[in-house]
Amino acid sequence: MPVISIFLGIKITMYYDDHNPPHFHASYAGYDALIDIRRGCVMSGSLPGRQLKFVLAWTELHKDELMQNWELAATDQKLNQIVPLA
């Protein structure tokens, strides 16, 4: 599972050929959540409140890049790194 960004201790990953809807995985200190890219919300799992706010803000900033990576992953192509939240 390729890592596409890391910021503030949060690791963002995306599986190749994963199920719909378009989403990514966010992990932090033993917490894991699946984040819906289009809706900008948690599909399953959880993150601590502060980290969740960071992830959702980052999602809004990089929605187009995340969707591009989703399309790449669907065809088993190399995923692009996305700028971390500063």
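The values are calculated or read from the model by the stated rules, or taken from the named source; none is laboratory data. Source: prediction; values computed, not measured. Quick reminder, even Gly has a Cβ in these numbers, built from the backbone with ideal geometry, and neighbours come from all protein chains shown. Only protein heavy atoms, including side chains, enter the accessible area calculation; ligands, DNA and RNA are left aside. Shrake-Rupley method; radii C 1.70, N 1.55, O 1.52, S 1.80 Å.
Over the chain, with every protein chain in place, what whole percent of the accessible area is carbon and sulfur at 1.4 Å, could you tell me?
Numbers: 2570 of 4860 Å².
The nonpolar share, carbon plus sulfur, comes to 53 percent.
Please give the solvent-accessible surface of V83 in Å², to the nearest 10, using a probe radius of 1.4 Å with every protein chain present.
V83 exposes around 90 Å² with every protein chain in place.
In the chain, once you exclude exposed chymotrypsin sites (Phe, Trp or Tyr not before Pro) (DSSP loop, at most 15 other Cβ within 10 angstrom), what's the longest stretch remaining?
Values: sites that count: Y15, Y16.
Looking at the chain, 17-86 is the longest stretch - no exposed chymotrypsin sites (Phe, Trp or Tyr not before Pro) with at most 15 other Cβ atoms within 10 Å.
Let me check something: with ligands and nucleic acids excluded, how do T13, T75 order by accessible area (1.4 Å probe), largest to smallest? All intermediate terms of the calculation are to be shown ahead of the outcome.
On the way: T13 5, T75 80 Å².
Result of the area sort, largest leading: T75, T13.
From Cα coordinates alone, what are the radius of gyration and Dmax values for the range 1-66 in angstrom?
For the range 1-66, the Cα radius of gyration and maximum Cα-Cα distance read 10.6, 30 Å.
Okay, helix-only estimate at 222 nm for the chain: each DSSP H run of n ≥ 4 adds -39500 (n - 2.57), divide by all residues, round to 500 deg cm²/dmol; what do you get? List each step's numbers first, then the result.
Working: 2 runs with 25 residues, N = 86.
Theoretical 222 nm ellipticity from helices: -9000 deg cm²/dmol.
Before I look further, what does the chain give for accessible area per residue, probe 1.4 Å, in whole square angstrom?
Numbers: 4860 Å² over 86 residues.
Heavy-atom accessible area per residue stands at 57 Å².
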